[in-house]
Amino acid sequence: MQTLRASKCGLSTAQLPSSILDVIDALTKAGYEAYIVGGGVRDLILGLNPKDFDAVTNATPAQVKEVFGRRCRIIGRRFELAHVYAGRELIEVATFRAPPKKAVTSASGMILRDNNWGTIEQDFARRDFSINAMYYQPRKGIVLDFCHAIDDIKNKTLRLLGDPTLRFEEDPVRMLRTLRFAAKLNFNIAPEILEVFTPEMTQLLRDISPHRLYDESQKLFTMGHLNRVLPMLIDFDIWRQLFADISPDISTFIERAAINTDQRIQIGKTINPAFFYAVLLWKPFLERCNFYLNKGVVPAEARAQAGLDVLKRQATRTIIPRFAETFIREVWEMQTRLLNPKPQQIQALSTHARFRAGFDFLLLREKSGDDTTQGMGLWWDAYQQMTTDEKERAISQYNRQRAKSRRKTTTEDVVETKSVAAVAEIEPLVNEPEPRSRRERKSRTKSERPAQPASSNGSEIGYDHPILKRKRVKRDLSQVVFGPTQ
């Protein structure tokens, strides 16, 4: 172990938010050891802006609860943690871990219980990557480096602590973390990791719960380097473990959506991770829609059932929460509404809660070369920049164009019908002019009537016979018993 001066590593308390300093100070004042550890320290050394900070201490979760009282909540069963609330921020506080006295693992070697408390030296050995195993004490101004992690940071090398095979078996999610850190930090993966990172090893991800895999997929989508990590998911055969019916190839649509997501994160805009799931599952959704349409199902019902089928199938790998599923299906449904809106509904559509997401999705499709959008992506884009008067004129012009297209379609249908009728038409035997007056048409109709029916006694019954002119009598239904009777 080497003790480094924080200033030599480019660290100072001025870089830290007050929330993490309050947690460190409170634990230290209560007589416990407390350090900042993990990605926060790593990112500060690299000159990046950490998303959050984690603390580690020799106090047990119950003791952390005693220090912070109602501000603390203990979570986790497999890996017990304390969540401490400092204002609006949440600080995760973990206790030093020791190797399990009696390993509680699955058949594949995955750790099922990990709540054995230990020392800081034992805790270091339990961490996954060397670059995440630096302990920073801001008040003392020191950094504890147990594995020369500072050298790995300088060399931009991603290295696992211990045997890579054993570490992946203990927690297969470390394979996802390997690709995420390599893409986010632009680090090289150590050769000893590449040797064991095989398609057979990735099969261990099937033992991870779909809920946890969904959380990990969200971290991939929101780290700001999605376009860089997608090819890595395919190369390392992780793609098949995360996505059920999505072919392992990156289409122009998916690539544009990934670039757009990264750009939004870089400029500080918010994103909804479910949006990228809507992009990934769009092709399977269309294929399922066509399946139901070919069976004669009404389009609206076909889309609804296709959405349910695709999301249910994806749930075998990553279980998407209900609210995210609703968002995805609404984005898909908005595509139909935005492609062919009724003129009187355009204004209401532009204020719809899912309009922005649906419009972004439509515009990405159009810019990716999807001809089925019929240029409506650019139309909606221009519509949003218009004034109120310009919007009214645009809607009127759209209405005229829509009516013109309908008339054109109707004319083509009529011409086609006439051409078919002309082929099947039979020449009349006698060409007689149509009668003009009503009296002539009536007399002609009488003359064309078939022979009158004859009665059983041989007398003929005329069309003015009372039996043929009788009126229907309305029945009294008050005495009628409906349904089965005894």
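The values are calculated or read from the model by the stated rules, or taken from the named source; none is laboratory data. All values reported here derive from a predicted model rather than from experimental measurement. Backbone-built Cβ (ideal geometry, glycine too); neighbour counts: all protein chains shown.
Annotations
- Residue ranges of strands (runs of 3 or more DSSP E) in the range 1-89 with at least 2 members surrounded by 17 or more Cβ atoms within 10 Å (Cβ to Cβ) and among the aliphatic types (A, V, I, L, M): 34-37, 54-57, 81-86
- Options VAL67, VAL37; residue that is modelled with pLDDT of 90 or more, in contact with a strand residue (DSSP E or B) (Cβ under 7 Å, 6 or more places away or on another chain) and not polar (S, T, N, Q): VAL37
- Qualifying residue in the range 137-151 (condition: in contact with a helix residue (DSSP H, G or I) (Cβ under 8 Å, 6 or more places away or on another chain), assigned to a helix (DSSP H, G or I) and assigned by TED's automatic domain parsing to the domain that holds ALA26): yes
- Filter result (in a helix (DSSP H, G or I) and at pLDDT 90 or above) within the range 153-170: ILE153, LYS154, ASN155, PRO164, THR165, LEU166, ARG167, PHE168, GLU169
- Given (1) touching a residue at least 24 places away in the same chain (Cβ under 8 Å); (2) farther than 23 Å from PHE285 by Cα; (3) not assigned by TED's automatic domain parsing to the domain that holds ILE150, number of the condition ALA190 does not satisfy: (3)
- Once the range 260-301 is narrowed to residues that are charged (D, E, K, R) and over 18 Å from ARG337 (Cα atoms), the residue that is modelled with the lowest pLDDT is LYS269.
- Filtering the range 220-236 to residues that are without any contact (Cβ under 8 Å) to a residue 40 or more places away in the chain and either under 20 Å from VAL279 (Cα atoms) or among the polar types (S, T, N, Q) (or both) leaves ASN227, LEU230, PRO231, ILE234.
- Any hit, the range 268-289, residues being surrounded by fewer than 20 Cβ atoms within 10 Å (Cβ to Cβ), in the same structural domain as MET334 (by TED's automatic domain parsing) and aromatic (Phe, Trp, Tyr): no
- Segments classed as helices (runs of 4 or more DSSP H), wholly inside the range 249-334, with at least 1 members that are out of contact with any Pro (no Cβ under 7 Å at 6 or more places or on another chain) and of a type in the set (S, T, N, Q): 252-266, 282-294, 299-314
Residue-by-condition table, conditions (1) of a type outside the set (A, V, I, L, M); (2) crowded, with 18+ Cβ neighbours inside 10 Å:
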{"position": "TYR136", "(1), (2)": "yes, yes"}
{"position": "LEU144", "(1), (2)": "no, yes"}
{"position": "HIS148", "(1), (2)": "yes, no"}
{"position": "ARG159", "(1), (2)": "yes, yes"}
{"position": "GLU169", "(1), (2)": "yes, yes"}
{"position": "GLU195", "(1), (2)": "yes, no"}
{"position": "ASP207", "(1), (2)": "yes, no"}
{"position": "TYR214", "(1), (2)": "yes, yes"}
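- The combined condition, being assigned by TED's automatic domain parsing to the domain that holds MET134 and out of contact with any His (no Cβ under 7 Å at 6 or more places or on another chain), is fulfilled by THR202.
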